[in-house]
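Below is one structure, written out as structure tokens; the observations come after it.
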Amino acid sequence: MKMMDMSGHDQAAMSHEMMQNGNSAAHQDMAEMHKKMMKAKPENTQETAKPFSEMSEHEKAAVVHEKANNGQSSVIHQQQAEKHRSQITQN
């Protein structure tokens, strides 16, 4: 498969796996995260997200963690976002 035929997550996963230190835990975690995102990708719909002001505490926390961009901590933020999302359905 050519790079131009791949989605952004396909390209990102491949890039993390091919780094010189691609076997490091951080790169493997990031590659796995991108692969999960590819599987969980919903079909295109006309749905809109609910406004931030109407979200529960865990929904807001998940959004903030997903949008956090501070270098090496990004995997941890994604893991925290997943934890908050799992608590949404439980509460």
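The values are calculated or read from the model by the stated rules, or taken from the named source; none is laboratory data. Note that this is a predicted model, so its numbers are computed, not measured. Every residue, glycine among them, receives a Cβ derived from its backbone with ideal geometry; neighbour counts consider all protein chains shown.
Of note:
- Close pairs (8 angstrom Cβ cut-off, 6 or more residues apart or separate chains): within 19 Å of Gly8 (Cα to Cα) in region 26-52, of a type in the set (Val, Ile, Thr) and modelled with pLDDT of 70 or more anywhere: Ala26/Val75; Asp29/Val75; Met30/Val75; Met33/Val75
Per-residue answers, yes or no, for (1) under 23 Å from Glu32 (Cα atoms); (2) at pLDDT 80 or above; (3) assigned to a loop (DSSP other than H, G, I, E, B):
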| site | (1), (2), (3) |
| --- | --- |
| Thr48 | no, no, yes |
| Ser53 | no, yes, no |
| Glu66 | yes, no, no |
| Ser74 | yes, no, no |
